[in-house]
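What follows is one structure encoded as structure tokens, with my remarks underneath.
The values are calculated or read from the model by the stated rules, or taken from the named source; none is laboratory data. Note that this is a predicted model, so its numbers are computed, not measured. When we count neighbours, we look across all protein chains shown, and the Cβ atoms used for this are built from the backbone with ideal geometry, even at glycine.
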Amino acid sequence: MSRIKQIAVAASKFSFATALALALAAGAEASATTLENLQAAYNGESNANARYLAFADKAQSEGYGEVASLFRAAARAEKIHATNHAAVIEKMGALPKAQIETPLVKSTRENLEAAVKGETYERDTMYPDFLKQARVDRNTRAVRTFNLAKSAEAEHAKLYAAALANLDHLKGTQEAAYYVCPVCGYTTREAKFTRCPSCFTSRDAFEKVV
């Protein structure tokens, strides 16, 4: 083999090795991003659980029994989301981490407004962005847990918006039963279906939250 050909072969091998190293580095960076997103989601859902329980206590004290039940049901759903995210984080070899902050509790009207804003952000921005990255990473577990949470948050946004619009008529109401899917956190007042609209879990498995 001529000296020129030897140099050419060596250069080709070096280019391939360099490209491979860059590809592996990019893959590792992408995976780390999905893990960071899972941690952010776990932290967010854990704080949402604490926040909604505090909002429920406030609603109860102000005489909005039905709204208090809604907050408790949503809090249960957020706990389910956090648990789902934690399972994927652990599958990736990491530990779920959450820093629980003291909830900022205002009037029930203001708390509902904050809840609508938070759920809308998760539905329209946070989870779609996380899903996009998880699909790039081909992390099917992350895609599933993000999708399930996103669907449930969409329902929460509707329920909170409806309660806010009807708040004047909810004063003096008693607690009301809500039903929460134990798998995906789908939340509803009337479970008129045989299987969860989001994950197809049997209606009989739904948890009743008052």
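Remarks
- For segment 41-92, taking the residues that are of a type in the set (S, T, Y) and within 26 Å of Q133 (Cβ to Cβ), the one that is surrounded by the fewest Cβ atoms within 10 Å (Cβ to Cβ) is identified as T83.
- Looking only at segment 86-102, residues that are in a helix (DSSP H, G or I) and either more than 16 Å from the chain's Cα centre (by Cα) or not small (G, A, S) (or both) come to 4 in all.
- Checking V105 against (1) assigned to a loop (DSSP other than H, G, I, E, B); (2) aliphatic (A, V, I, L, M); (3) within 12 Å of the chain's Cα centre (by Cα), the condition it does not meet: (3)
- Listed by position, the helices (runs of 4 or more DSSP H) enclosed by segment 115-180 that each have at least 2 residues that are under 13 Å from the mean Cα position of the chain (by Cα), crowded, with 16+ Cβ neighbours inside 10 Å and at pLDDT 95 or above are 127-136, 140-165.
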